[in-house]
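The values are calculated or read from the model by the stated rules, or taken from the named source; none is laboratory data. As the structure is a computational prediction, the values presented were derived from the model and not from experiment. Cβ: placed from backbone, ideal geometry, glycine included. Neighbour counts: every protein chain shown. We work out accessible area using only protein heavy atoms, side chains counted, and drop any ligands, DNA or RNA first. Shrake-Rupley method; radii C 1.70, N 1.55, O 1.52, S 1.80 Å.
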Amino acid sequence: SAVISQKPSRDICQRGTSLTIQCQVDSQVTMMFWYRQQPGQSLTLIATANQGSEATYESGFVIDKFPISRPNLTFSTLTVSNMSPEDSSIYLCSVVGGGGGYTFGSGTRLTVV
Amino acid sequence: QKEVEQDPGPLSVPEGAIVSLNCTYSNSAFQYFMWYRQYSRKGPELLMYTYSSGNKEDGRFTAQVDKSSKYISLFIRDSQPSDSATYLCAMRSARNDYKLSFGAGTTVTVRA
């Protein structure tokens, strides 16, 4: 299965600033997914990122707040913009594996103060 | 009503016990069912992947899917302290968007 390197693993940011999270996959993948995991809650899909096209955002998530880049088939970034304490969460990227299951990055634990 | 409901736990069991985890869902289009294990400060790790109804066994883990009841289960036999983690069920339809719907997770502690 694919191996994903996600960074940073954690960060503490000031409100109003932005943070860019990176995910590097060790193989080419068509679709990459970005999730948010809030304490005690399900993983929530933010958007699906396909190479060569704009990301598709889920209800409640907008491009201005969570811009995504997908410059090639092994890399993607998610930016959390103009952060507020409500953005404190774990952010995860994911890809579909060859066997149908999904592989996740190790997550970025974001705290906004 | 959430699309996927998972028994919230937490569960605390003695070493060697059988752990039983369950999820129910409302979307009859779900065809692919997964269980993930997530250790603290780590990303989810795929444990079991099944298609449609039936049972699947892998070592100490057994996954069951009952589509008629919209109910899936994960059993862990001979539980070990290393099984202490949060377990997440996830599922998706056959649509090409590959979107997963997750349960909220059940935290399991296996006491030595």
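Of note:
- Estimated vicinal HN-Hα couplings, Hz - segment B:88-100 in sequence order (Karplus 6.51, -1.76, 1.60; Gly, Pro = x): 10, 8, 8, 7, 8, 8, 8, 5, 6, 7, 6, 7, 9
- Chain B: Lys pairs at Cα distance under 23 angstrom, eight or more positions apart or on different chains: 9
- Gain upon complete extension [A:SER5, A:ASP26; 0.36 nm per residue less C-alpha separation]: 6.7 nm
- Spin-label model, A:LYS65/B:SER12: points 7 Å from Cα along the beta carbon direction are separated by 3.7 nm.
- Charge tally in the Cβ shell below 15 Å around B:SER40, where Lys, Arg are +1 and Asp, Glu are -1, B:SER40 excluded: +3
- Stokes-Einstein diffusion coefficient of segment B:40-81, Kirkwood radius over Cα pairs, 25 °C, 0.890 mPa s, in µm²/s: 211 µm²/s
- Here's how it looks for A:SER88: its modeled amide H is under 5 Å from those of A:VAL112, which are all 5 or more places away or on a different chain.
- Stokes-Einstein D (µm²/s) once Rh is taken as the Kirkwood radius of segment B:56-112 over alpha-carbon pairs, at 4 °C in 1.567 mPa s: 98 µm²/s
- Test item: A:91-101 mean partner chain Cβ contacts at 10 Å: 3
- For chain A, with all protein chains in place and a probe radius of 1.4 Å, 48% of the accessible heavy-atom surface sits on carbon or sulfur.
- Chain B: projected area of the alpha-carbon convex hull, averaged over directions, in nm²: 6.9 nm²
- Counting DSSP beta bridges with both ends in the protein assembly as shown, the antiparallel % (nearest 5): 90 percent
- Reference-scaled alpha-carbon Rg (2.2 N^0.38 Å with N residues) for the protein assembly as shown: 1.02
- Estimated distance in nm for a label pair at A:GLU86 and B:LYS99, the labels positioned 7 Å out from Cα along Cα-to-Cβ: 2.1 nm
- Scanning chain B for GluC sites (Glu not before Pro) in DSSP loops with at most 15 neighbouring Cβ atoms within 10 Å leaves B:16-112 as the longest stretch between them.
- Long-range tail of P(r) for segment A:4-98 (Cα pairs > 24 Å, %): 15 percent
- Within the protein assembly as shown, A:CYS13 have no other Cys Cβ under 4.7 Å of their Cβ and so lack a disulfide-compatible partner by this rule.
- Loop-resident sites, segment B:53-90, for trypsin sites (Lys or Arg not before Pro), counting at most 13 other Cβ within 10 Å (DSSP): B:ARG77
- Computed from backbone phi with θ = phi - 60° and the Karplus coefficients 6.51, -1.76 and 1.60, the 3J(HN,Hα) list for segment B:3-13 is 5, 10, 10, 10, 3, x, x, x, 10, 10, 10 Hz; x is used for glycine and proline.
- Cα centroid separation - segment A:74-106 against segment B:71-112, whole Å: 19 Å
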